1. Can you give me the ranges of the strands (runs of 3 or more DSSP E) entirely in region 34-126 with at least 1 residues that are at negative phi and touching a Pro at 6+ places or on another chain (Cβ under 8 Å)?
2. Given the condition within 20 Å of Gly260 (Cα to Cα) and in contact (Cβ under 8 Å) with a residue 60 or more places away in the chain, answer yes or no: does some residue in region 153-164 qualify?
3. Of the conditions (1) in a helix (DSSP H, G or I); (2) at pLDDT below 95, Glu143 satisfies every one except a single condition; which number is it?
4. Do any residues in region 43-58 that are charged (D, E, K, R) have Cβ atoms under 8 Å from those of residues that are part of a loop (DSSP other than H, G, I, E, B), where the two are at least six apart or on different chains, and which pairs are they?
5. Taking the conditions exactly as written (at pLDDT 95 or above and not hydrophobic (A, V, I, L, M, F, W, C)), does Gly230 satisfy them or not?
Amino acid sequence: MKFIFTLLVGAFFVASCTNNNSGEAEKYLPPSSGTHAEMLLVVHDSVWKTAISKRLLEVFGREQYGLPQPEAIFSLNRINPTAFTSIFKKSKSIVLIELGDTTMVNVQRDVWASPQVVATIVAPTLRGLFKLIKENEAYLTTEFKEADLKVVRGRMAKTAYKTIPASLREMGINKMRLSVGFEQTLDKTDLKIFRQSTKKTEQFILFYSRPMRDDYLPGQDIIAARDTIGKNYFEGPISGSFFATEVEMPPQQETLEIDGQFAIETRGLWRTVGGFMGGPFLSYTIYNDKTNEVLCVEGFFYGPDAKKRNILLEMEAMMRSIEWKK
């Protein structure tokens with residue numbers, strides 16, 4: 001109890017200082033440490049040895065959907081509260097778990113470093129902690145995920161095109177943080193393909209548009225459209241082979257907003273029909289009710305020796321930064 005009381009009072013004081021009107025205190029926050037999707041769990045041994053640890057691993061350490069090899073959505077590191085010294089307080093993403101005489105879930109930003117997200121979860125009993133984590137898992141995961149995307153987009157600002165390619169502006173795309181490493185390989189009226197080669201990967205970002213049809217429900221024709229493009233524009237290493245959606249792991253779809261417009265996120269795997277290549281893909285399909293158009297931006301890559309979660313996160317940050325005509 002002593003630890004959590006000291007922690008909460010200190011966190012409130014620091015947060016209050018960093019949010020004053022003058023903004024003078026903000027310059028004293030050191031830069032946070034950690035790369036994409038890393039998270040520090042501060043949990044006492046006595047709590048970690050219970051079912052709480054399993055629940056935390058299920059929430060923050062579960063596998064990222066749509067990857068060919070298992071990778072957790074967050075890379076986790078756990079320490080005792082007594083080891084939570086100044087060096088750990090600079091971590092970019094922190095979850096504090098503690099037994100106390102209150103019940104709460106509190107999310108703060110830029111407490112000990114910047115950018116930073118700190119989630120504090122307190123309950124009087126282990127059962128109470130377990131319930132709080134379960135009830136708030138979607139909220140907490142989203143908070144940390146969105147913060148990571150914001151950090152990635154900020155870093156991309158240094159390496160993105162200052163002005164997007166003219167071919168994308170012709171499609172009505174006004175802004176997007178597209179890395180300069182992506183070079184255009186196909187320029188058709190309703191289809192643009194960009195490619196980037198690295199030491200371990202071949203990466204592609206596609207932009208394609210089509211009229212919105214009354215006989216399709218949103219999301220229904222996404223896979224059919226991408227498979228048509230894969231068959232017509234992506235040939236595998238063997239003559240006659242082509243790219244298609246992997247049906248053994250059905251693509252997963254979620255709704256969201258991009259630039260204030262309704263969109264569908266689709267995650268899954270692609271494979272080579274008649275070949276052996278494959279990998280993850282991620283697409284965002286945006287529906288414009290005013291112009292009755294659909295725009296899809298998709299990223300996929302091939303990199304058998306590369307860790308894929310962080311590459312996909314970077315692609316997500318790029319694609320979700322798009323601003324399309326309204």
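1. Numbers: elements: 38-42, 75-79, 93-99, 104-109, 117-123.
Fully inside region 34-126 and qualifying: 38-42, 93-99, 104-109.
2. Yes, region 153-164 contains a residue that is within 20 Å of Gly260 (Cα to Cα) and in contact (Cβ under 8 Å) with a residue 60 or more places away in the chain.
3. Failed condition: (2).
4. Asp45/Asn80
5. Yes: the conditions hold for Gly230.
Listed here are the residues, each with its yes/no results for (1) of a type outside the set (A, V, I, L, M); (2) closer than 25 Å to Gly275 by Cα; (3) outside the structural domain of His36 (by TED's automatic domain parsing).
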{"residue": "Met176", "(1), (2), (3)": "no, no, yes"}
{"residue": "Ser179", "(1), (2), (3)": "yes, no, yes"}
{"residue": "Thr201", "(1), (2), (3)": "yes, yes, yes"}
{"residue": "Asp214", "(1), (2), (3)": "yes, no, yes"}
{"residue": "Gly219", "(1), (2), (3)": "yes, no, yes"}
{"residue": "Ile229", "(1), (2), (3)": "no, yes, yes"}
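Table: residues versus (1) part of a strand (DSSP E or B); (2) of a type in the set (Gly, Ala, Ser); (3) over 17 Å from the mean Cα position of the chain (by Cα).
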residue	(1), (2), (3)
Thr228	no, no, yes
Ala244	yes, yes, yes
Met249	no, no, yes
Glu254	yes, no, no
Ile264	yes, no, no
Gly268	yes, yes, no
Pro280	yes, no, no
Ser283	yes, yes, no
Leu312	no, no, no
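The values are calculated or read from the model by the stated rules, or taken from the named source; none is laboratory data. In this text, all values refer to a predicted model and were calculated from it rather than measured experimentally. Using ideal geometry, Cβ is built from the backbone for each residue, glycine included, and neighbour counts are taken over all protein chains shown.
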